[in-house]
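Everything on this sheet refers to the single structure shown next.
The values are calculated or read from the model by the stated rules, or taken from the named source; none is laboratory data. Given the structure is predicted, the values throughout are model-derived calculations rather than measurements. Neighbour counts run over all protein chains shown; Cβ positions are idealised from the backbone, glycine included.
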Amino acid sequence: GAVVSQHPSWVICKSGTSVKIECRSLDFQATTMFWYRQFPKQSLMLMATSNEGSKATYEQGVEKDKFLINHASLTLSTLTVTSAHPEDSSFYICSAPRPAGLAGEQFFGPGTRLTVL
Amino acid sequence: DAKTTQPPSMDCAEGRAANLPCNHSTISGNEYVYWYRQIHSQGPQYIIHGLKNNETNEMASLIITEDRKSSTLILPHATLRDTAVYYCIARNQAGTALIFGKGTTLSVSS
């Protein structure tokens, strides 16, 4: 079945550095992907919609200059956390809609755990 | 998307049926009811979805009331691996993002 992968699965970085997270659709094309953030014991919060070949759409309160999203191909979207700080430590999850012609469920990546020291 | 309301937590004995309720009283005619679950530290997993009729797949059954104002997800024989947070989401079928509420934390114990 359709699979979405993320890399890395976990990352630890120093405060002030930038971290790139990749989201790939492995056996289908995704013109749209979604990025979520999840803090401990909380639900998933939608951060942005990544659109292939165009600018991402950010949710209210999400800084677009801090969370850079690039959707350079039909199978890859990247989220770069720039100048990361400890408060950016979170679980980041991407998803992609199921290919057209099938019911509208979405496929989620396994998540990336970011820890900023 | 219509607002959904779920109990914050439920317990279930292993091998018994787990019945997870969801209230979506403001659901509109073109909105489907979707169920996802998230096992600790993993991405959400699709379970099932439906519009009006009851649905069943290899994972679960979905019972939707005739007025569509509520639904129940049934895991017929819960196992320890079914311990997770279960999310009920009402939305139309467009390829837009899923908006997650707080969900129900299901704890299955032996």
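See the values below:
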| quantity | calculated |
| --- | --- |
| Residues satisfying the stated conditions in region A:59-117, i.e. acidic (Asp, Glu) and over 15 Å from residue A:13 (Cβ atoms) | A:59, A:63, A:65, A:105 |
| Selection count, region B:38-54, where residues are within 11 Å of chain A (Cβ to nearest Cβ) and either closer than 17 Å to residue A:92 by Cα or not in a strand (DSSP E or B) (or both) | 9 |
| Region B:7-37, residues that are within 14 Å of chain A (Cβ to nearest Cβ), at pLDDT 95 or above and surrounded by fewer than 18 Cβ atoms within 10 Å (Cβ to Cβ) | B:8, B:9 |
| Tally of residues being facing chain A (nearest Cβ under 10 Å), basic (Lys, Arg) and not in a loop (DSSP other than H, G, I, E, B) across region B:59-110 | 1 |
| Evaluation of residue A:26 against (1) of a type in the set (A, V, I, L, M, F, W, C); (2) touching a helix residue (DSSP H, G or I) at 6+ places or on another chain (Cβ under 9 Å); (3) surrounded by fewer than 16 Cβ atoms within 10 Å (Cβ to Cβ) (one fails), failing number | (2) |
| 2 or more residues more than 16 Å from residue A:80 (Cβ to Cβ) and within 11 Å of chain B (Cβ to nearest Cβ): qualifying strands (runs of 3 or more DSSP E) within region A:1-55 | A:4-7, A:32-38, A:45-51 |
| Where a residue in region B:81-110 is over 22 Å from residue B:68 (Cβ atoms) and touching a residue at least 60 places away in the same chain (Cβ under 8 Å) and its partner, wherever it lies, is assigned to a loop (DSSP other than H, G, I, E, B) and among the acidic types (Asp, Glu), with Cβ under 7 Å and at least six apart | B:108/B:14; B:109/B:14; B:110/B:14 |
